[in-house]
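The values are calculated or read from the model by the stated rules, or taken from the named source; none is laboratory data. This is a predicted model, so every value here is computed, not measured. Don't worry about glycine lacking a Cβ; one is built from the backbone with ideal geometry, like all the others, and counts go over all protein chains shown.
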Amino acid sequence: MSRPASKPLPEFAFSAAPRAGILLPRPLKGTYDYKLPIGVDAPRGTLVAAPLGTTEVLGTVWSDAEGGVGDNRLKEAVPLDGQPRLPPQLCDFIDWVAHYTLNAPGAILAMALRSRSAFDPELPRIAYVRGSETPKRLTDARARVLQLMSDGLARPKAAIAEEANVSPAVVSGLIEARALQETSLPEFPPFEPPDPDFARPALNPAQAEAAALLKRDVAARLFSVALLDGVTGSGKTETYFEAIAEALRIGRQALILLPEIALSVQFLDRFAERFGARPAEWHSDVSQKERKRVYRAVMRGEARVVVGARSALFLPFPELGLIVVDEEHEQAYKQEDGAIYHARDMAVVRARIEGCTAVLASATPSLETWVNATSGRYAHLKLPERHGPASLPEIRLIDMRQARAEPGSWLTQPLRDALVASLEGGEQAMLFLNRRGYAPLTLCEACGHKLTCRNCSAWLVEHRYRRRLICHHCGFESATPRACPECGAEGTLVACGPGVERVAEEFARVCPRARVAIASSDTMGGPAEAQAAISAMARGEIDVMIGTQIMAKGHHFPQLTLVGVVDADLGGSDGDLRARERTFQLLHQVSGRAGRAEKPGLVLMQTRNPDDIVMKALASGDRDAFYMRERMYRETAHAPPFGRLAALILSGSDGDKVRATARELARIAPKAKDVTVWGPTAAFYSLLRGQTRERLLVQAGRNVDMQGYLRAWKDAAKIPGGVRLTVDVDPVSFF
Ligand code: ADP
Ligand code: ZN
């Protein structure tokens, strides 16, 4: 057919509207086809407003359209104006995490689009500068304002009133008199850029060597992973700060991941002392508004360093040059609900996709990381000694089978003597017991009935200060009953075993005049109160801190010389794969609180198993002997990292239905070489928050495609309504 001779039609009239596969931040199967406005260039990562049902959602251009639907039936997605797109590396990372954890990519995208308002248009703030007029009537207050504003800076009205110490009416008067003139400020104050050379410390030789290697890696702009393996107080933080400085120098961004609990004011202050500016923060306590500020600034490359909890891993850094995972062994890095993932492992993946360096720091690395470092897959940087005069504390075991405490008592004589001696010498002590409340179990002496939660198969824990029995899993509470709910006998309920409150009660009998603080997540009203207790301890206003693991992490108390571990065997009996490792890490960490300054530290651990390998390794200080043994156990058992594990958890309120579904799921498990399926069995807490839970465990060889296996299985499974299937790849908790 010949073209008409007259004016040609414009080009676009011939072409159909462009299309794209759009990923929506919802747990849907895949992408959806949309058409795009004609003439727009919308590469992967472009943010769009996409109509969905009767609403409009934020989506992301993800892939080519699948086709198959006519143009007239496709809805149009419109790119957001003036927004940077999600960096392509982040899109690749989202796909990778979704594949690995068997989640829908949209569910992972939702984590990366946490701050929905970050994409709203900016709202400038009204501010004022000095205007052209000078008022005739110049009161003192007015003069103060004009003096303040003579520096030329734009300020909002409230800020002027506050800084000049005048009432808002005074400011209004000056605006009316045109002595102040309206202007606008960006919605958010900008982030000060950290200065890599603000206050460089003099590193000791071991630190300097490790820092040099990290700097070389960062400067190379290639993927690399290093384990920064240093005893507590050796200066791991100072050392990785040098790597951050290098990332800043070469114009790349840096991310420091910390367990939520370690995200303290102390850490931020320390960062500011080194770099002259505070980092951006990202964790659960950050307000919606601040999240919006941080997210935008990260996406635009204006925030150069972010310190955050695990979810910061999904921020849209356009030019990431370094990820630090501090306390890399912490279980807090495992996200246990929603999309289940391990932030430490995913940090390494993101570093690989970004082509940047990952630094994993710990005094007690996870066995997985230790194996990777000792086998040469990761660089192994060691800081074997504490910085300066401080030395590592001496650790002694107290055999509780010999040094019996009297009934109803948990502090043996040697520990009591040491506490008294420490206080008489004007030093501080810490008693550690990883158990909140007064007693973990309440039992009827008459009939043997144990008080349990009505929603969970767990004991109720007595909290004597609050006079409540509390379930630590679902939060169910009740008053302590007078009579046994089972047999009705009165006065027969007895508290069994110690919690921190009970240890504090006993300690008060031993040292009635000592100033004591109980530190556990429920006795502290919140982060501010915990912070106040930490400061009081650091100032020497507390003699003895009796606490759970919230006191075990990272804090630096120079006068603290004695640590007493009330029950070192707690946690060893969980029987799961990592129980020994966790006990070792926690007790090592607690011990590290003692003797951090000039005075030497002493740690006394009460145990019924002094011959256990965990106890022996702690007492002898031979950490690597413990790791070597643990590695051997894991290798023999084909456990991670020498084999793969995945858990399938079925849950629901109808127990019979859950159990039947679990049996059926086990029956249809695909047969594959080198794969064993265990279960189903009732989960450790077979009832949790009113949900019955059944578990299946898949154990596979290292070279098995675990994701492929699980996906085939999942696709074949029919899960009835009211039952939920959760897949946990590389489980760390077996509850
Ligand atoms: P880690 O992270 O290994 O536990 P830190 O980095 O917290 O150790 O260091 C422990 C203490 O020693 C801190 O108070 C820190 O400021 C100090 N410190 C470490 N290295 C140096 C150094 N090179 N110069 C001055 N102080 C240092
Ligand atoms: Zn409960």
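Applying the condition of being away from ligand 1 (no atom under 12 Å from the Cβ) and free of Cβ contacts under 8 Å to residues at least 40 places away in the same chain to region 375-398 and asking which residue is farthest from Gly621 (Cα to Cα) yields Gly376. Checked against the criterion of being surrounded by fewer than 24 Cβ atoms within 10 Å (Cβ to Cβ) and among the polar types (S, T, N, Q), the candidates Ser375, Ser366 yield just one match: Ser375.
Among the residues of region 661-708, none is identified as over 15 Å from Arg724 (Cα atoms), within 16 Å of ligand 2 (Cβ to nearest atom) and touching a helix residue (DSSP H, G or I) at 6+ places or on another chain (Cβ under 6 Å). Is it true that some residue in region 477-484 is loosely packed, with under 13 Cβ neighbours inside 10 Å, within 14 Å of ligand 2 (Cβ to nearest atom), under 30 Å from the mean Cα position of the chain (by Cα) and without any contact (Cβ under 8 Å) to a residue 40 or more places away in the chain? No, region 477-484 contains no residue that is loosely packed, with under 13 Cβ neighbours inside 10 Å, within 14 Å of ligand 2 (Cβ to nearest atom), under 30 Å from the mean Cα position of the chain (by Cα) and without any contact (Cβ under 8 Å) to a residue 40 or more places away in the chain. Just to be sure I understand the filter: pairs with C-beta atoms under 7 Å, separated by 6 or more residues or on different chains, first member in region 85-96 and within 15 Å of Gly21 (Cβ to Cβ), second member among the hydroxyl-bearing types (Ser, Thr, Tyr) and assigned to a helix (DSSP H, G or I). Which pairs pass? Pairs found: none. Just one of (1) farther than 21 Å from Val590 by Cα; (2) in contact with a helix residue (DSSP H, G or I) (Cβ under 6 Å, 6 or more places away or on another chain) fails for Leu397. It is (1).
Determine if region 420-440 includes at least one residue that is modelled with pLDDT under 95, of a type outside the set (D, E, K, R) and within 16 Å of ligand 1 (Cβ to nearest atom). No, because not a single residue in region 420-440 is modelled with pLDDT under 95, of a type outside the set (D, E, K, R) and within 16 Å of ligand 1 (Cβ to nearest atom).
If you take the residues in region 447-458 that are more than 15 Å from Phe476 (Cα to Cα) and surrounded by fewer than 16 Cβ atoms within 10 Å (Cβ to Cβ), which one is farthest from ligand 1 (Cβ to nearest atom)? Among those residues, the one meeting the criterion is Cys447. Would you confirm whether or not region 470-483 contains a residue that is within 30 Å of Gly595 (Cα to Cα) and of a type outside the set (Asp, Glu)? No, the conditions are met nowhere in region 470-483. Test Asp285 against the stated conditions and say whether it is in a helix (DSSP H, G or I) and in contact (Cβ under 8 Å) with a residue 12 or more places away in the chain. So Asp285 fails the test.
Yes or no, residue by residue, for (1) charged (D, E, K, R); (2) farther than 19 Å from Glu176 by Cβ:
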| site | (1), (2) |
| --- | --- |
| Asn103 | no, yes |
| Arg116 | yes, yes |
| Asp120 | yes, yes |
| Tyr128 | no, no |
| Gly131 | no, no |
| Pro135 | no, no |
| Ala141 | no, no |
| Arg144 | yes, no |
| Ile160 | no, no |
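Just one of the listed residues (Cys511, Cys471, Cys487) is surrounded by fewer than 16 Cβ atoms within 10 Å (Cβ to Cβ), among the hydrophobic types (A, V, I, L, M, F, W, C) and away from ligand 1 (no atom under 16 Å from the Cβ), and it is Cys487. Condition check for Asp576 on (1) in contact (Cβ under 8 Å) with a residue 60 or more places away in the chain; (2) over 30 Å from Val265 (Cβ atoms); (3) outside any loop (DSSP other than H, G, I, E, B): one failure, at (3).
The set of residues from region 33-78 being in a helix (DSSP H, G or I) and either in contact with a strand residue (DSSP E or B) (Cβ under 8 Å, 6 or more places away or on another chain) or small (Gly, Ala, Ser) (or both) comprises just one member, Asp71. Candidates Leu381, Leu392: the one that is buried (at least 20 other Cβ atoms within 10 Å of the Cβ) and part of a loop (DSSP other than H, G, I, E, B) is Leu392. Criterion first (within 31 Å of the chain's Cα centre (by Cα) and over 22 Å from Ile719 (Cα atoms)) does Gly621 satisfy it? The answer is yes for Gly621.
So that you can scan it fast, the table gives a plain yes or no per residue for (1) under 26 Å from Asp569 (Cα atoms); (2) more than 16 Å from ligand 2 (Cβ to nearest atom); (3) of a type in the set (D, E, K, R):
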| position | (1), (2), (3) |
| --- | --- |
| Val461 | yes, no, no |
| Cys487 | no, yes, no |
| Glu490 | no, yes, yes |
| Pro498 | yes, yes, no |
| Glu505 | yes, yes, yes |
| Thr523 | yes, yes, no |
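Put simply, of Arg404, Arg454, Arg436 the only residue that is without any contact (Cβ under 8 Å) to a residue 40 or more places away in the chain, within 16 Å of ligand 2 (Cβ to nearest atom), at negative phi and part of a loop (DSSP other than H, G, I, E, B) is Arg454.
Of all residues in region 462-474, those that are at pLDDT 85 or above have Cβ atoms under 9 Å from Cβ atoms of residues that are polar (S, T, N, Q) and within 13 Å of ligand 2 (Cβ to nearest atom), 6 or more apart or on another chain, in Arg468/Ser478; Leu469/Ser478; Ile470/Ser478; Cys471/Thr452; Cys471/Asn455. Within region 321-330, none of the residues are touching a strand residue (DSSP E or B) at 6+ places or on another chain (Cβ under 9 Å), modelled with pLDDT of 95 or more and part of a helix (DSSP H, G or I). Working carefully through the options Ala212, Ala199, find the one that is more than 8 Å from ligand 1 (Cβ to nearest atom) and either free of Cβ contacts under 8 Å to residues at least 24 places away in the same chain or touching a Pro at 6+ places or on another chain (Cβ under 6 Å) (or both). That would be Ala212, the only listed residue that is more than 8 Å from ligand 1 (Cβ to nearest atom) and either free of Cβ contacts under 8 Å to residues at least 24 places away in the same chain or touching a Pro at 6+ places or on another chain (Cβ under 6 Å) (or both).
Of all the numbered requirements in (1) within 16 Å of ligand 1 (Cβ to nearest atom); (2) touching a residue at least 12 places away in the same chain (Cβ under 8 Å); (3) in a loop (DSSP other than H, G, I, E, B); (4) of a type in the set (Gly, Ala, Ser), Ala339 misses one, and that requirement is (1). For beta carbons closer than 8 Å, sequence separation of 6+ or different chains, a first residue in region 234-261 that is within 16 Å of ligand 1 (Cβ to nearest atom) and a second that is assigned to a loop (DSSP other than H, G, I, E, B) and acidic (Asp, Glu), the qualifying pairs are Ser234/Glu385; Ala245/Asp197; Leu258/Glu327; Pro259/Glu327; Pro259/Glu330.
Scoring Ala504 on the criteria (1) in contact with a strand residue (DSSP E or B) (Cβ under 8 Å, 6 or more places away or on another chain); (2) among the aliphatic types (A, V, I, L, M); (3) in a helix (DSSP H, G or I); (4) within 16 Å of ligand 1 (Cβ to nearest atom) leaves a single failure, condition (4). If you go through region 532-555 and keep only what is crowded, with 18+ Cβ neighbours inside 10 Å, within 16 Å of ligand 1 (Cβ to nearest atom) and over 20 Å from Thr237 (Cα atoms), you end up with just Met537.
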